[in-house]
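Report on one structure; see the data block that follows.
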C-alpha cells in the first residue's frame, strides 16, 4: 500500500485569529483581515489537495497554543504555529488511521 502524504493547515476561528494576530511576535505577517486570511487558507487547502495530499484543517484553542509555546520556550510565531499544527496533524491522522 502506498503512503499518502499528509499535512495540515491551522484553521482559525474569527475571534481566535484576531487575538492571535494581537499577541503573536510576527503579527506583521498576518493578513489585514480574517476574511483575507480565510480566502488564502481555502486556496492553499484546495491547492494542496490538488497535489494529492491528505490535508486536515486543524482548529486549535489559542490558549493551548500559548501554553505549548511557553512549555517549549518558543515565541508565538509562524515556526511555533507550524510545529504545533504538525503535532496535531500527527495525532489526528493516527486517530483517523485506526
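The values are calculated or read from the model by the stated rules, or taken from the named source; none is laboratory data. Since the structure is predicted, the reported quantities are computational estimates derived from the model, not experimental observations. Cβ sites come from the backbone with ideal geometry, for glycine too, and all protein chains shown count toward neighbours.
Scanning the range 25-58 for residues being closer than 23 Å to residue 91 by Cβ and either touching a strand residue (DSSP E or B) at 6+ places or on another chain (Cβ under 8 Å) or modelled with pLDDT of 95 or more (or both) gives a total of 11.
Residue-by-condition table, conditions (1) surrounded by fewer than 15 Cβ atoms within 10 Å (Cβ to Cβ); (2) part of a helix (DSSP H, G or I); (3) under 15 Å from the mean Cα position of the chain (by Cα); (4) free of Cβ contacts under 8 Å to residues at least 40 places away in the same chain:
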site: 28; (1), (2), (3), (4): yes, yes, no, yes
site: 38; (1), (2), (3), (4): no, yes, yes, yes
site: 42; (1), (2), (3), (4): yes, yes, yes, yes
site: 49; (1), (2), (3), (4): yes, yes, no, yes
site: 67; (1), (2), (3), (4): yes, yes, no, yes
site: 71; (1), (2), (3), (4): yes, yes, no, yes
site: 79; (1), (2), (3), (4): yes, yes, yes, yes
site: 89; (1), (2), (3), (4): no, yes, yes, no
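Scan the range 1-22 for residues that are in a helix (DSSP H, G or I) and surrounded by 11 or more Cβ atoms within 10 Å (Cβ to Cβ) and jot them down. 14, 16, 17, 18, 19, 20, 21, listed by residue number.
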